[in-house]
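The values are calculated or read from the model by the stated rules, or taken from the named source; none is laboratory data. In this text, all values refer to a predicted model and were calculated from it rather than measured experimentally. Every residue, glycine as well, gets a Cβ built from its backbone with ideal geometry; the counts of neighbours run over all protein chains shown. These accessible areas exclude ligands, DNA and RNA; they are computed on the full protein's heavy atoms, side chains included. Shrake-Rupley method; radii C 1.70, N 1.55, O 1.52, S 1.80 Å.
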Amino acid sequence: EKGPFEHFMLKEIHEQPLTLRGTMLGRINDGNQVSFPELAHAAGAFQQVDKIFIVACGTAYHAGLVGGTVLEKLTRIPVQCDIASEFRYRDPIVTDRTLVIVVSQSGETADTLAALQESRRQGAKVLAITNVPTSSVARDADYVIATKAGPEIAVASTKAYTAQLLAFYLFGIYLAQERQTLSAELHAELIKGLKSLPVQVEKLLENANQVKLYAESIKDAESLFFIGRGLDYAVALEGSLKLKEISYIHSEAYAAGELKHGTLALIEKDTPVIALATQMDLYEKTVSNIKEVKARGAHVMGITVEGNVGLLNAVDEICFIPPSHGLLAPILAVVPLQLISYYASLALENDIDKPRNLAKSVTVE
Ligand code: M6R
């Protein structure tokens, strides 16, 4: 039931502090080591892995894009992310040393399931990250990590996405512990950061009102741009999908450094741009890109980490996320984007939980 919330989507957005806690529960032990009781039968199985594919659709694919960066950083194993409907038909190079990670909230997405089955036929081990432990994907995989987000009813995925990101962080640290590729300092910093996330998301939700006003201001926009670099680009893709899916406003996510290779031509006076600048190693570069769109008249909403008040000089509006390790920032940065789509759609009086033409679970090709 929706309780005090008008829509399941809003309820699910607000459940995230709880679902993040649930997904973490029992997976970080007293010594701050990540352990997955459900991977006990996998002991040593990942030692020989020399390549990882992450395969999924839609929002789950966007979680995979973040996950891929995280896994590469923490384990130094090369990772490639693929859309399931592409992967299954492109004859990917899969061997018995390949780990294929499929991500699916429902565990019933036809293309993701087919990609899983094909990968196993070719000798890969398959790990499923899914929200439904009784699903077809969970049944057919070698290993399963359950995202404990609880049933997700709204077609637009929110709490499942953040739970998928969390599953990737935990699995990345787990794999790095096994392969000893993570320094004690970074390990400690990430664990501390993970434990802070639920309270930080709570704080973001308490400040939803400012984002709501912004969302109402873009409801009549013809088109919007989401820009960012590195992990911010991956989050931009998710923000753009969410907005299209339920508000029906066209938007495009762009790697900020790629703008001047074509897309900048579309920026004119008052074009709304949502610029993510949460990755401090890329911060100055992103600010230069924000200046490029501002110079063409764009109206920019900047999303950055608390303390970066200097960004106020380069943008029209700003939304701060609590400080965290850059790798973990996507869980925080996506929350205002979820709220922007929700409140823009609310202002447009759309059927938020059941957007036109879409189904919660895509069980046909
Ligand atoms: O159940 P799955 O995670 O496999 O679903 C994949 C996509 O269909 C899904 O994430 C879709 O993109 C969402 N409606 C996005 O909000």
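Under a Cβ-only charge scheme (Lys and Arg +1, Asp and Glu -1), can you give me the dipole magnitude of the chain about the Cα centre, in debye to the nearest 20?
Numbers: 34 positive and 43 negative charges, 108 e Å.
Approximately 520 debye in magnitude.
How would you order 306-314, 247-255, 36-44 from highest to lowest mean count of nearby Cβ atoms within 10 Å? If you can, show how the numbers build up before the last one.
On the way: 306-314: 13.3, 247-255: 19.4, 36-44: 11.4.
Top to bottom by mean Cβ count within 10 Å: 247-255, 306-314, 36-44.
Can you give me the solvent accessible area of residue 285 with a 1.4 Å probe, rounded to the nearest 10 Å²?
Approximately 120 Å² for this residue.
Among 261, 342, 7, which residue has its Cα furthest toward the positive end of the charge dipole of the chain, with +1 on Lys/Arg Cβ and -1 on Asp/Glu Cβ?
Highest projection toward the positive end goes to 261.
So for 9, 280, what's the accessible-area order with a 1.4 Å probe, most first? List each step's numbers first, then the result.
Values: 9 0, 280 100 Å².
I get 280, 9, largest accessible area first.
With N set to the number of residues, divide the alpha-carbon radius of gyration of segment 198-264 by 2.2 N^0.38 Å and report two decimals.
Values: Rg = 13.5 Å, N = 67, 2.2 N^0.38 = 10.9 Å.
This ratio for segment 198-264 stands at 1.25.
Could you sort 345, 85 by accessible area so the largest value comes first, with the probe set to 1.4 Å?
Working: 345 0, 85 45 Å².
The residues order as 85, 345, largest area first.
Are there any chymotrypsin sites (Phe, Trp or Tyr not before Pro) in segment 1-91 that are in a DSSP loop and have at most 14 other Cβ atoms within 10 Å? List them by number. Walk me through the numbers before you get to the answer.
Working: sites: 5, 8, 46, 53, 61, 87, 89; in loops: 5, 46, 89.
Sites meeting the loop and neighbour criteria: 5, 89.
Per residue and in cubic angstrom, what volume does the convex hull of the Cα atoms of segment 166-235 have? Spell out each step's value before the answer.
On the way: hull volume 8.5 nm³, N = 70.
Convex hull of Cα atoms, per residue: 122 Å³.
Too long at a 31 Å Cα-Cα cut-off: which of 219/285; 242/269; 125/203; 212/285; 192/291; 148/242?
125/203; 192/291
In whole angstrom, how long is each semi-axis of the equivalent ellipsoid of the chain, when you take the square root of 5 times every eigenvalue of its Cα gyration tensor and sort them from largest down? Show your work: numbers first, answer last.
On the way: eigenvalues 204, 101, 85 Å².
After diagonalising the Cα gyration tensor, the semi-axes are 32, 22, 21 Å.
Quantify how much of the Cα-Cα distance distribution of segment 1-142 extends past 22 Å, in percent.
Details: 4377 of 10011 pairs.
The proportion of pairs with Cα distances above 22 Å equals 44 percent.
Is it possible to state the helix-based mean residue ellipticity at 222 nm for the chain, with each DSSP H run of 4+ residues giving -39500 (n - 2.57), the sum divided by total residues, to the nearest 500 deg cm²/dmol? What is it? Kindly include the intermediate steps, with their values, before the conclusion.
Details: 12 runs with 158 residues, N = 365.
Mean residue ellipticity, 222 nm, calculated: -14000 deg cm²/dmol.
Placing unit charges on C-beta atoms (Lys and Arg positive, Asp and Glu negative, everything else neutral), compute the dipole magnitude of segment 90-172 about its Cα centre in debye, rounded to 20. Before the final figure, lay out each step's value.
Working: 8 positive and 8 negative charges, 37 e Å.
Charge dipole of segment 90-172: 180 debye, to the nearest 20.
Which cross-chain or sequence-distant (5 or more) residues have an amide H under 5 Å from the amide H of residue 101, H modelled 1.01 Å from N in plane?
53, 54, 55, 127
By per-residue mean of other Cβ atoms within 10 Å, what is the highest-first order of 105-115, 258-268?
Values: 105-115: 23.7, 258-268: 13.2.
Descending packing order for the listed peptides: 105-115, 258-268.
Pick from 290, 218, 129: which is most flexible by mean-square fluctuation in a GNM of the chain where alpha carbon atoms under 10 Å apart are linked?
It is 218.
Using only C-alpha atoms and all pairs of different ones, pull out the Kirkwood radius for segment 207-359 in Å with one decimal. Please report the intermediate quantities before stating the final value.
Values: mean 1/r = 0.0657 Å⁻¹.
Taking the inverse mean of 1/r over all distinct Cα pairs, segment 207-359 comes out at 15.2 Å.
Select from the chain the helices, each a whole stretch of DSSP H, whose alpha-carbon atoms run 15 Å or more along the helix axis and whose Kyte-Doolittle mean is at least 0.0; answer none if there are none. Show your work: numbers first, answer last.
On the way: long enough: 58-75 (25 Å, 0.43); 110-121 (17 Å, -0.67); 159-179 (30 Å, 0.41); 184-206 (34 Å, 0.18); 231-247 (24 Å, 0.35); 283-295 (18 Å, -0.79); 329-347 (28 Å, 1.52).
Answer set is 58-75, 159-179, 184-206, 231-247, 329-347.
Probe radius 1.4 Å, ligands and nucleic acids ignored: give me the carbon and sulfur share of the accessible area of the chain as a rounded percent. Working shown, then result.
Details: 7640 of 14920 Å².
Here carbon and sulfur together make up 51 percent of the probe-accessible area.
Using only the heavy atoms of the protein chains and a 1.4 Å probe, how would 76, 179, 27 rank by accessible area, largest first? Don't skip to the answer; put the middle values down first.
On the way: 76 175, 179 65, 27 0 Å².
Largest accessible area first, the residues go 76, 179, 27.
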